[in-house]
Amino acid sequence: MKLAVLTGAGISAESGVPTFRGQGGLWKSYRPEELATPQAFRRNPALVWEWYLWRRSVIAKAEPNAGHIALVELERKYTENFLLITQNVDGLHQRAGSKRLVELHGNIWRVKCLSCGVVYYDYSVSYAQLPPACKECGGLIRPDVVWFGEALPEDALELAIRWARSCDVFVVIGTSAVVYPAGELPYLAKEHGAKVIEINPESTPVSPIADVIIREPASSGVKKLLEVL
Ligand code: BJW
Ligand code: ZN
């Protein structure tokens, strides 16, 4: 049996990392759609960096929760028949011990230089000046994440689509599933005959096509999943 799992911000909510939408989804009254865009960065890179540094500082203090850890157990059980597909940029799955994962929206702990193109990990939670400068060439750097209107990393998306099309069970955890193309993966899986399982305390656009719904927070929901899979 082949198992694919798609996660969103909701799996990190119990670690204290705010989700994007719904309660607590706003930062200084900006919506993510106003900050997570190349246009916003061009207009005001310092403001966008301020948001990312605030998020980094929250994530740096957070620990993986029972939901992240139960997914590591699932990976151990299913080995090469398991793939974790995450929209999250926080790195908490890796910190929990997940290895077989693809990041669809990049990683908040990586930066990319707009002048020389270098990509490197950078764990700073503050910089002497904003926006920060590239350590190689002094050019403007940006978070290496995927903003609205930008293409997802080709390899990661291809792999995610391949698994959605070929898995037997597709589990969707803690995502509003409104952001595409990630939000399309559960439908793709369903179309190809997979059973779809949703773990989310709220209903989402995936709920109507789900074969099983666990209306619970991720921490208890994924533990229940472990008992049945
Ligand atoms: C719990 C819980 C608990 C709470 N336990 N659960 C139609 C079709 C296709 C595309 C589009 C379309 N219309 C528009 C588009 C474009 C756009 C898009 O989707 N827009 C929509 C808003 C309509 N998509 C894009 O632009 C994408 N790129 C693209 O399409 O490129 C095309 C292209 C091709 C070739 C060349 C060039 C271009 C890119 C999308 C990038 C999204 N980026 C962000 C920011 C990443 C960096 C960062 O983190 O800052 O990704 S936006 C933000 O949303 C972030 C997330 O990964 C993503 C999804 O959010 P998520 O994870 O679902 O979080 P929430 O907050 O929405 O939901 C949390 C859920 O948790 C809720 O359901 C809660 O109930 C639940 N929850 N507590 C379990 N304890
Ligand atoms: Zn550079």
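Structure values in brief
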{"read-out": "Three semi-axes of the equivalent ellipsoid, the stretch 1-56, Cα gyration tensor, whole Å, largest first", "value": "26, 14, 10"}
{"read-out": "Kirkwood Rh and Cα Rg combined as Rg over Rh, evaluated for the stretch 36-84", "value": "1.26"}
{"read-out": "Intensity falloff of the stretch 162-229 expressed as log10 I(q)/I(0), Debye formula with alpha-carbon point scatterers, at q = 0.27 Å⁻¹", "value": "-1.24"}
{"read-out": "Label-point gap, in nm, between S29 and Q94 - each point 7 angstrom along Cα→Cβ", "value": "3.6"}
{"read-out": "Note, ³J(HN,Hα) from phi for the stretch 57-73, Karplus 6.51, -1.76, 1.60, rounded to Hz, x at Gly and Pro", "value": "5, 5, 5, 4, 8, 7, 10, x, 9, 4, x, 4, 5, 5, 5, 5, 5"}
{"read-out": "For the chain, built as a Gaussian network whose Cα springs stay under 10 Å, the top-fluctuating residue of R43, R165, R142", "value": "R43"}
{"read-out": "Under 14 Å, Cα to Cα: Lys pairs in the chain, sequence gap 8 or more or different chains", "value": "6"}
{"read-out": "Fewest-first sequence of S15, S220, S203 by Cβ atoms within 10 Å of each Cβ", "value": "S203, S220, S15"}
{"read-out": "Karplus (6.51, -1.76, 1.60) ³J(HN,Hα), θ = phi - 60°, over the stretch 20-37, in Hz, Gly and Pro reported as x", "value": "7, 10, x, 4, x, x, 9, 10, 6, 6, 8, 8, x, 5, 8, 10, 8, 9"}
{"read-out": "Long-range HN-HN contacts of L6 with modeled amide H, under 5 Å", "value": "I85, V171, V172, I173"}
{"read-out": "Exposure rule at most 14 other beta-carbon atoms within 10 Å, DSSP loop GluC sites (Glu not before Pro): the chain longest free segment", "value": "1-135"}
{"read-out": "The chain, Cα convex hull volume normalised per residue, Å³", "value": "116"}
{"read-out": "Cα radius of gyration and Dmax for the stretch 1-113 (Å)", "value": "15.3, 48"}
{"read-out": "The chain - share of DSSP beta bridges that are antiparallel (%, nearest 5)", "value": "30"}
{"read-out": "The stretch 29-80 and the stretch 99-131: distance between their alpha carbon centers, rounded to Å", "value": "12"}
{"read-out": "Chain lengthening between D168 and T37 when straightened (0.36 nm per residue, less Cα-Cα)", "value": "43.7 nm"}
{"read-out": "Table column - 3J(HN,Hα) (Hz), the stretch 96-113, Karplus curve with 6.51, -1.76, 1.60, x for Gly and Pro", "value": "6, x, 5, 10, 8, 9, 10, 9, 7, 10, x, 9, 5, 8, 10, 10, 9, 8"}
{"read-out": "Rule-of-thumb Rg ratio for the stretch 96-162 [Cα; 2.2 N^0.38 Å; N residues]", "value": "1.27"}
{"read-out": "Neighbourhood charge, 12 Å Cβ-Cβ cut-off, centred on K195 and excluding it, Lys, Arg +1 and Asp, Glu -1", "value": "-1"}
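All of the numbers you see were taken from the coordinates with simple rules; none came from a lab. Since we're looking at a predicted model, the values are computed, not measured. Positions of Cβ are backbone-derived with ideal geometry, glycine not excepted, and every protein chain shown enters the neighbour counts.
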